[in-house]
Each structure stands twice: as structure tokens, then as C-alpha cells.
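Comments concern the structure below.
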Amino acid sequence: MGGITNPAEEYFKDGGWGWDGTRWRKDNLTWGYNGTLANRQSTLAAAAGTNTLNHSIVPAGEVWVIVTHGMVNANTAVPGTLYAVISGVGYTVKAYGTMVAGIWSTGVPLGIVLAAGDYMSAMFESCVLNDDLYSDITGYKMKVA
């Protein structure tokens, strides 16, 4: 295996490269930590019926890894569901069933990877007018080029 010495070769610049035993190949994204993610969404004036709390959208240049989720209706026992909205499509992550009023329902560990434009969404069904709703996510952020 020779060293990388020829600037005309594609692997001479632009990111990390690794030897696979036959040739140099561009390395995959290094999975790393850049910052803590903690995001709470809430309303103290829910509408009667179904309510959705959308978490922050992942900005360009970042990837988020969602590790924990919790949701609660402080006033009424209602069914709750967590969704990951990826490329505009909502995927069910956890159906909590009917949650006890005032008791946090949690889902850990999740390990959901969100790219730019993606977000988490918590849906509360059968709410009573003016219920207090909360949804928390935690995890970590990574910077990407």
C-alpha cells in the first residue's frame, strides 16, 4: 500500500479517505456529537378533540439523533402517538395508548435519525377544551457539510 502523494488522484483532497484493501475510498460520515438537543412543545389551551404538537425542524447542516421522548396531558386521560416526520411523511414511532392524566408517558431509547427538514410530532386525541399538553424530546446534534 503506497502513500497518498499524487495531487491528481481523487482521494488526495476533500474529506477522509480509507484503504479498503484494494483501493482508496471516500469514508462515510463520521458519527459524532456536536451539541445537546432538548426541545419542549406545549399548549395550555388545547382545542377539543385532536391536537398536534410539532417539534422544531432540523436545520440545514445538522443531523439530530432523538434518544428520548415524553408526552403528557396534565388534565385528561387521552390516547397519544409519537411520529417522526421524515421527508414530509409521518411514521409512527410509538403509540402510547390512553395515557394517565398528569403522568408522563415515555419512550426510550429511540435512536431516531432526523436530517434537515425532518421533525418529531406528538398527537393527542380526545382532548377537552383548554387541556394542558406537553411533549419533550432529547438527544444530540451533529454537524454535516
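The values are calculated or read from the model by the stated rules, or taken from the named source; none is laboratory data. Since the model is a prediction, treat every value here as computed from it, not as a measurement. With ideal geometry, Cβ positions are generated from the backbone for all residues, glycine too; neighbour counts draw on all protein chains shown.
Taken over segment 50-73, the residue count meeting the criterion of being assigned to a strand (DSSP E or B) and either among the charged types (D, E, K, R) or out of contact with any Leu (no Cβ under 9 Å at 6 or more places or on another chain) (or both) is 5. Of the listed requirements (1) outside any strand (DSSP E or B); (2) touching a residue at least 24 places away in the same chain (Cβ under 8 Å); (3) of a type outside the set (G, A, S); (4) within 30 Å of G18 (Cα to Cα), T30 misses just one: (2).
For segment 93-122, how many residues are more than 14 Å from I66 (Cβ to Cβ) and of a type outside the set (G, A, S)?
The initial filter retains those residues of segment 93-122 that are more than 14 Å from I66 (Cβ to Cβ), namely 95-105, 116-117.
This time we only want the ones that are of a type outside the set (G, A, S), so: 96, 98-100, 103-104.
Going through segment 93-122 one residue at a time, the tally reaches 6.
Residues in segment 69-89 that are loosely packed, with under 15 Cβ neighbours inside 10 Å and under 13 Å from the mean Cα position of the chain (by Cα): S87 only.
Condition check ((1) farther than 22 Å from Y119 by Cα; (2) assigned by TED's automatic domain parsing to the domain that holds V108; (3) among the acidic types (D, E); (4) without any contact (Cβ under 8 Å) to a residue 40 or more places away in the chain) across all residues:
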| residue | (1), (2), (3), (4) |
| --- | --- |
| W19 | yes, no, no, yes |
| R23 | yes, no, no, yes |
| T36 | no, yes, no, no |
| N39 | no, yes, no, no |
| A45 | yes, yes, no, no |
| G49 | yes, yes, no, no |
| A60 | no, yes, no, no |
| W64 | no, yes, no, no |
| Y83 | no, yes, no, no |
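All of (1) among the aliphatic types (A, V, I, L, M); (2) within 22 Å of L37 (Cα to Cα); (3) touching a strand residue (DSSP E or B) at 6+ places or on another chain (Cβ under 8 Å) hold for A95 with one exception: (2). Counting only strands (runs of 3 or more DSSP E) wholly contained in segment 74-145, the ones carrying 1 or more residues that are more than 20 Å from A60 (Cα to Cα) and at pLDDT 95 or above occupy 78-86, 89-99, 105-107, 119-127, 133-143. If you go through segment 101-126 and keep only what is more than 22 Å from Y91 (Cα to Cα) and of a type outside the set (G, A, S), you end up with just I103.
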